[in-house]
Amino acid sequence: NNVFAKPLTAVNVASLNRFEDGAVVDAAALIEKGILQDCKNGLKILGNGNVTVKLTVKAAAFSESAKDKIEKAGGKAEVV
């Protein structure tokens, strides 16, 4: 149990549909689009909703369902 662990900023895959096909999505891109205010400790992508665009998503963590949905849409889920 790591008492020093910092909480990750969570975003659902449904929010990723605001990007165009082929985009590379990371915390900076999410802040630029106004989806996040800030992301101090890293980004986690959660599986709520669906994603319909082909994206390369870079985050500290992915839920299993989010990773599956991104890959089924033809994109890539990269842990950074």
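Descriptive notes on the structure:
- Residue in region 39-51 that is β-branched (V, I, T), open to solvent by 40 Å² or more (accessible area, probe 1.4 Å) and assigned to a loop (DSSP other than H, G, I, E, B) present: no
- Boolean, G22 is over 23 Å from P7 (Cα atoms) and open to solvent by 30 Å² or more (accessible area, probe 1.4 Å): yes
- Applying the condition of being closer than 16 Å to V80 by Cβ and β-branched (V, I, T) to region 1-19 and asking which residue is least open to solvent (accessible area, probe 1.4 Å) yields V11.
- The residues of region 25-38 that are open to solvent by 50 Å² or more (accessible area, probe 1.4 Å) and within 13 Å of L55 (Cβ to Cβ), listed by number, are D26, K33.
- Taken over region 60-80, the criterion of being farther than 12 Å from V13 by Cα and part of a strand (DSSP E or B) is satisfied by A61, K76, E78, V79.
- When the residues of region 66-80 are filtered to those that are small (G, A, S) and without any contact (Cβ under 8 Å) to a residue 40 or more places away in the chain, the one that is surrounded by the fewest Cβ atoms within 10 Å (Cβ to Cβ) is G74.
The values are calculated or read from the model by the stated rules, or taken from the named source; none is laboratory data. Every value quoted in this text rests on a predicted model; they were computed, and no experiment measured them. Positions of Cβ are generated from backbone atoms using ideal geometry, with glycine treated the same way; all protein chains shown enter the neighbour counts. Ligands, DNA and RNA are excluded from the accessible area calculation, which covers all protein heavy atoms including side chains. Shrake-Rupley method; radii C 1.70, N 1.55, O 1.52, S 1.80 Å.
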